[in-house]
Structure formats: C-alpha cells, structure tokens
Amino acid sequence: MALFGRQEKTAGQGTVLPRHIAIIMDGNGRWAQKRGLPRTAGHAAGAETFRRIASYCRDLGIEYLTVYAFSTENWKRSAEEVSAIMGLLKKYLEEAIEKMRRENVRIRILGDTSVLSPELRELIARVEAIDETLDTRTQANLCVNYGGRDEIVRAVKAWQADPGHGELTEGELSKYLYTAGMPDPDLVIRPSGEERVSNFLLWQSAYSEFYFTDTLWPDFTEKDMDRAIEAFRKRDRRYGGVKK
C-alpha cells in the first residue's frame, strides 16, 4: 500500500492545490449490487480505491487526506458487513505500522475508538506511538465510529471538564475536536450521486468547497480527483465576505 511521501507532480495548470481534502467514500454497496456481488465485495473494492487515491494525493503534495471510513450510524448495518469493514481497517493498520516510519507519514484515527475490539484498539495505540516520533506535515486521517454531531458534543464536554479551559469561543472549542491542530478541509468530495454531508466534519466543513460526482467510490479514479481539484481551483472562496 502506498502512503504519502514527497510531492512529485501537480494537478492541471498552476500551483493552487487544497491543503486538506476530505472524502465521503460512498457507493461501495451499490457498486457490488450492480455486479451481483455481496456488499462486502464492494467494501473490499473501495479499500483498494482508497489505497490508490491516497497514493495519488501523496504524489500531488496534498498535506492532509481525511476519509469517512465508518460512521456512528453504520453499526446499524448487518453484522457481516460491519465485520468486513473492521477486517479491512485491521489490515490497513497492520500495513501502516510497517510503513509509517519508512515513508514518514502520520496516520490518525478520528472518532470514538472505545467501542472497537481490543485488537483494533491495540493496533491504533501502536500507530499513535509511531505517530509521535515522526516529524512530517503529511497526514492521513481515517474517521472510524465518527459522527459530526457526536464530535461537537464530546468537544463541549471535554471543554467543560478541563479546569484550564478558556472562554468558550470558536477557536477555543476547536482545540477539543478530533481535528485539533489541523487545518479545516478545503475540499470535501462525495462520490455516488448523493448530495449531503451525512454527519461528516460538520464543524470543520463550514467553509469547505464541495464536489459531488455520480461515480461510485470503487470506480473513482485519478482523473476524477483531477476533476475535483480543478473544480476547486475555479471556486471563488470568500468565506462570507464580499468579492472585491
């Protein structure tokens, strides 16, 4: 599995690239259904797409890539499907442990990991231990058992419980989010034809640019990423201000 490394190319003309790209990896189940396959096969195909797109983002020089791997609502799915997704996460973390130091990449798991299996929690702890030894701005974030509303509630509770907290402001509360210390996503991509945020990075995406495509996630290619970045580069980002 390729992870982030040195910048090797740029997308399109110019040098304006998003620092932080977030992706809602949607459409795995429909991809499998169209082919008469079980939903688990769609998740396996989606995991391979993630590896390929993560490698491409590395080559482009994207500093942060955040993907929605498993939401707080996904526990409602069948036990077989949940087990398959957790198995893919286990495989990814095992591979990551082998490559983080060699490729100098940070990997963070964002979400409530307390309900995951002891085996997964142990792997996450090993990843976090390696993460602390690295000096790099290149980072991949996997949102696991993550929900945007849940994150905000947890942040408020953490702020209240911190005896050293400051006055409650946007900047202060941001310190207690899973993404503390990271830039907000510049670009949020959602494949599959759906056009909603599905409880993903609600606080952080307040001024993100959104890009929707009918392509199902397992079919998402480097060309699709180029199109998304090119669309981003054409946006006029005013952050609520007036165009001059």
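Each Lys and Arg Cβ is given +1 and each Asp and Glu Cβ -1; about its Cα centre, the stretch 20-147 then shows a dipole of about 440 debye. Only alpha carbons enter this Debye calculation for the stretch 73-207, each as an equal point scatterer, and the log10 of I(q)/I(0) it gives at q = 0.10 Å⁻¹ is -0.39. In a DSSP loop and with at most 13 other Cβ atoms within 10 Å, the GluC sites (Glu not before Pro) in the stretch 91-181 are Glu132, Glu167. For the chain, the Cα gyration tensor yields ellipsoid semi-axes of 25, 24, 20 Å (square root of five times each eigenvalue, largest first, whole Å). Extent along the principal axes, Cα only, for the stretch 73-137: 40, 20, 19 Å, with the longest axis given first. For the stretch 146-244, the Kirkwood estimate of hydrodynamic radius, built from reciprocal distances between every pair of different alpha carbons, is 15.6 Å. Helical content of the chain, expressed as a calculated mean residue ellipticity at 222 nm, amounts to -13000 deg cm²/dmol (DSSP H runs of 4 or more residues, -39,500 (n - 2.57) each, divided by residue number, nearest 500). Between Gly29, Ile85, Thr72, whose Cα lies farthest towards the positive end of the dipole of the chain when Lys and Arg beta carbons carry +1 and Asp and Glu beta carbons carry -1, centred on the Cα centre? With unit charges placed on the Cβ atoms, the residue in question is Gly29. Computing Rg and the Kirkwood Rh from the Cα coordinates of the stretch 31-143 gives a ratio, Rg/Rh, of 0.97.
Just the C-alpha atoms of the stretch 25-76: what Rg/Rh do they give, with Rh taken as the Kirkwood radius?
On the way: Rg = 12.9 Å, Rh = 12.3 Å.
The Rg/Rh ratio comes out at 1.05.
The relative contact order of the chain, computed from alpha carbon pairs under 8 Å that lie at least 6 residues apart in sequence, is 27 percent.
Counting lysine pairs in the chain whose alpha carbons fall under 22 angstrom apart, excluding pairs fewer than 8 residues apart on the same chain, gives 10.
Since every read-out is calculated from the coordinates, none of them should be taken as a lab result. Values in this document were obtained by computation on a predicted structure and should not be read as measured data. Note that we place each Cβ from the backbone using ideal geometry, even for glycine, and neighbour counts take in every protein chain shown.
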